[in-house]
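**Q** Pasting in a structure now, in C-alpha cells, and then I'll have a few things to ask.
The values are calculated or read from the model by the stated rules, or taken from the named source; none is laboratory data. Fair warning: this is a prediction, and the values are worked out from it, not measured in the lab. Positions of Cβ are generated from backbone atoms using ideal geometry, with glycine treated the same way; all protein chains shown enter the neighbour counts.
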Amino acid sequence: MDQTLYFTPLLIALCSVSECVQRQYHFINENKTWTEAQRYCRENYTDLATADNMNDTNELKKSVNDGSVQNIWIGLQKTGRDEWKWSSGEPVLYLDWATAKPNLSDEKECVMMSGGHWYAGACRAIVTFIMYNPELIVIRENVTWSEALRYCRQNHVDLVSVHSEEMQRRVMNVVKRASTAEVWLGLRYSHILGIWYWVSGDTVCYQNWAPGNGTSEEDCEHTVRSGAVQSGGDHRWISLPETHKLNFICTTYEE
C-alpha cells in the first residue's frame, strides 16, 4: 500500500514541541590510523567527529581532557587536490586550518587537530581521535511508523538507529519525555528475509528486545511490523503494527 504522507501545518511545526540533545563529542585516548579510528567510531558510536562551525571546534577542544595530547584525528579526509569530505557524509561548511591553506601532497591525507587547529597529514599516522553522536529529537506527535520515517528524512536525517549500548543510553535519556508509552525507532521487519533491520543501513547486532518480541514469530503475522522503544520502565524494544500512532525519535545535526 502507498504510504505517501501529506504533512499538515501542525506536523511541520513539530520542532517547537520536541526535546533536543546537542551533538556529543567523545575523546578516545587510543592510537589508531584514520581508517582504524573511523571503523572503531562506527562500531561503537556514530562516526569520527564532524565540525560545522567555531562552536563545534570549541566543543572538540573541550572534549580532550588530556592537555599533553597533541595530534587527534577528526572525520575530515581529502578526496581531491583541494577537496575534502566528512566521514559522516555531511557537506564541508567550515574549515579551521592552522595556516591559510594546508600543504597538500599527492598522498591520501586526513585531518588531525593539534593545539585547537587543523592540520592535514598522512592517514596512516597513528594518533588519538574524537568521535561524535548526532542530536536525538523526540517528536511528540502521534503518527504511523511510515509517517515518522518520512518526517525525519524530510526535516532532519532519519529515524534513530540504536546500534550500541551507548546509543541505547542516549535514547533512554530523551524518550522519558515522550507522550506515548512506546516511541518509534528506525527498526523494521522484513517478511521476505525474515530479519529485523535498521532503515539507516546499520546491522542489527546490539539488541534490547522485551521478552516475546523480535522473534521468528513475526513471520506468522500478516501486518507490517516495526520496532518501538518503551518510554518508561526498562526501555526495552517492542514489535508493533506499523499503523499504530506513536511519538518518534529523529536523528539530526546541530544547526
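**Q** Sort out which residues of the range 196-206 are surrounded by 13 or more Cβ atoms within 10 Å (Cβ to Cβ) and either touching a strand residue (DSSP E or B) at 6+ places or on another chain (Cβ under 9 Å) or not hydroxyl-bearing (Ser, Thr, Tyr) (or both), and write them in order of number.
**A** Listed by number, the residues that qualify are TRP196, TYR197, TRP198, VAL199, SER200, ASP202, VAL204.
**Q** Something else about it: Just one of the numbered conditions (1) touching an Asp or Glu at 6+ places or on another chain (Cβ under 8 Å); (2) modelled with pLDDT of 90 or more is not true of GLY194; which one?
**A** Of the numbered conditions (1) touching an Asp or Glu at 6+ places or on another chain (Cβ under 8 Å); (2) modelled with pLDDT of 90 or more, the odd one out for GLY194 is (2).
**Q** Still on this structure: So CYS152 ticks every box in (1) over 21 Å from the mean Cα position of the chain (by Cα); (2) crowded, with 18+ Cβ neighbours inside 10 Å but one. Which box is left unticked?
**A** Only one criterion is unmet by CYS152, namely (1).
**Q** Could you pull out the residue among THR215, THR180, THR144 that is farther than 25 Å from ASP56 by Cβ, among the polar types (S, T, N, Q), surrounded by fewer than 15 Cβ atoms within 10 Å (Cβ to Cβ) and not assigned by TED's automatic domain parsing to the domain that holds ASN44?
**A** That would be THR215, the only listed residue that is farther than 25 Å from ASP56 by Cβ, among the polar types (S, T, N, Q), surrounded by fewer than 15 Cβ atoms within 10 Å (Cβ to Cβ) and not assigned by TED's automatic domain parsing to the domain that holds ASN44.
**Q** Checking TYR132 against (1) at pLDDT 85 or above; (2) part of a strand (DSSP E or B); (3) not charged (D, E, K, R), which single condition isn't satisfied?
**A** (1)
**Q** Being under 30 Å from THR99 (Cα atoms) and crowded, with 21+ Cβ neighbours inside 10 Å is the requirement here; does TYR132 meet it?
**A** Here the answer is yes, as TYR132 does meet what is asked.
**Q** Also: So GLY227 clears everything in (1) of a type in the set (Gly, Ala, Ser); (2) over 30 Å from GLU90 (Cα atoms); (3) out of contact with any Asp or Glu (no Cβ under 7 Å at 6 or more places or on another chain); (4) modelled with pLDDT of 85 or more except one condition, right? Which one?
**A** Condition not satisfied by GLY227: (2).
**Q** Please determine whether any residue of the range 123-140 is out of contact with any helix residue (DSSP H, G or I) (no Cβ under 8 Å at 6 or more places or on another chain) and free of Cβ contacts under 8 Å to residues at least 24 places away in the same chain.
**A** No: zero hits.
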